[in-house]
Each structure stands twice: as structure tokens, then as C-alpha cells.
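Colleague: Can you keep this structure in mind? I'll have questions shortly.
Where a number appears in this text, it was derived from the coordinates with a stated rule and is not lab data. Computed from a predicted structure; not experimentally measured. Reconstructed Cβ throughout: ideal geometry from the backbone, glycine too, with neighbour counts over all protein chains shown.
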Amino acid sequence: MTTPQPLRDGEVACDTPLPVDATLAFIGHIQTPWPTRADCPRQGDPLAGPDCTIVVAAPWDRALDGIDQFERLDILYWLHQSRRDLVLQNPKHADAPRGTFSLRSPIRPNPIGLSNVRLVAREGNRLIVRGLECVNGTPLIDIKPDRCQFTPVG
């Protein structure tokens with residue numbers, strides 16, 4: 001985690017440490033054009049956003065077999081530069097503080113990011129996608145086909 005930003009008016013941080021009761025294994029990383037959080041867009045654009053690359057590490061790259069049949073994917077990633085202690089946040093676009101769980105802010109107790117992206121191409125262990133909104137080098141947690149593509153028709 002990077003050095004926490006100063007609190008805005010109305011924001012509340014907690015000093016209770018999070019328990020360590022689960023583990024994650026990162027399966028790769030994400031390459032984007034954004035070197036810092038300040039450079040990232042607020043929302044990714046799967047139609048007009050820049051091409052970004054998801055790099056899947058071995059042995060998990062074999063799990064990409066069949067991914068080409070999907071146009072949209074859900075990408076889960078670890079927002080490794082986010083603070084994890086705010087219970088109330090005061091977003092720049094809001095007129096008052098709000099609870100963390102009522103926001104899509106990257107500041108969360110468990111900073112898991114979720115983006116629905118458009119698959120542009122697969123190149124071996126790399127997926128070229130559009131619609132991401134994370135920092136270059138962000139750790140990859142998981143990839144899933146968009147659940148709407150599994151919805152029965154009729």
C-alpha cells in the first residue's frame with residue numbers, strides 16, 4: 001500500500017487491523033497505460049478505452065483455453081495501492097460523506113476491483129482487452145466470462 005492520502009472533511013478511518021483469515025494467489029498482472037492512480041479513468045470504457053493487456057502466468061495460462069468464444073469478460077484484480085481503513089468517504093463528486101459500501105471507490109477493506117471488459121484478442125498467455133481502469137502492474141485475481149452470456153434465451 002502506498003502512503004495514505006490525507007482525509008477529506010467528513011471522512012472516517014478505523015484503526016482496527018483486518019484479520020488474516022484468507023489468502024489469494026495472484027495469477028498474473030495487468031498492463032495499462034496508467035502509471036499512477038491519479039492517471040486512471042473513473043470508469044473504464046469497453047468500446048473506446050485504450051487496449052490493455054492481461055498477462056496470465058503459468059500454469060494458469062492453460063486455463064485460457066476456450067476464452068476466445070466470449071466477447072465480454074469480468075476481470076477481478078487486487079487494488080494494491082488502495083488504503084483499506086476508511087468506513088466513511090467524501091468523494092470529490094459528492095456533496096457529503098458516504099459509507100464505503102455505497103461507493104465504487106477503490107478504497108475498501110478488501111480492495112478487489114471488478115471490470116467488465118471487451119476481449120479484443122488473445123495472444124498466447126495475454127489477453128488484449130478494453131474497459132480497464134487500473135494502474136499498470138495491478139495483480140490479477142481471476143477472469144470469468146460475463147455472466148450475461150450464460151443467461152438462457154427465451
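Colleague: When the label point is put 7 Å from the Cα of residue 94 along its Cα-to-beta-carbon vector, which residues of the stretch 7-22 have a backbone N closer than 11 Å?
Modeller: 10-12
Colleague: For the chain, what's the relative contact order in percent, using C-alpha pairs closer than 8 Å and at least 6 residues apart?
Modeller: 38 percent
Colleague: Further question: Could you list 127, 119 in order of exposure, starting from the residue whose Cβ has the fewest other Cβ atoms within 10 Å?
Modeller: In increasing order of surrounding Cβ atoms, one gets 119, 127.
Colleague: Count neighbours as other Cβ atoms within 10 Å of each site's Cβ, and list the trypsin sites (Lys or Arg not before Pro) in the stretch 1-104 that are DSSP loop with at most 15 such neighbours.
Modeller: 8, 42, 92, 104
Colleague: Of 134, 148, 14, how do they rank once you tally other Cβ atoms within 10 Å and put the fewest first?
Modeller: 148, 14, 134
Colleague: Where the centre of each part is set by its Cα atoms, how far does the stretch 1-78 sit from the stretch 80-127, in angstrom?
Modeller: 8 Å
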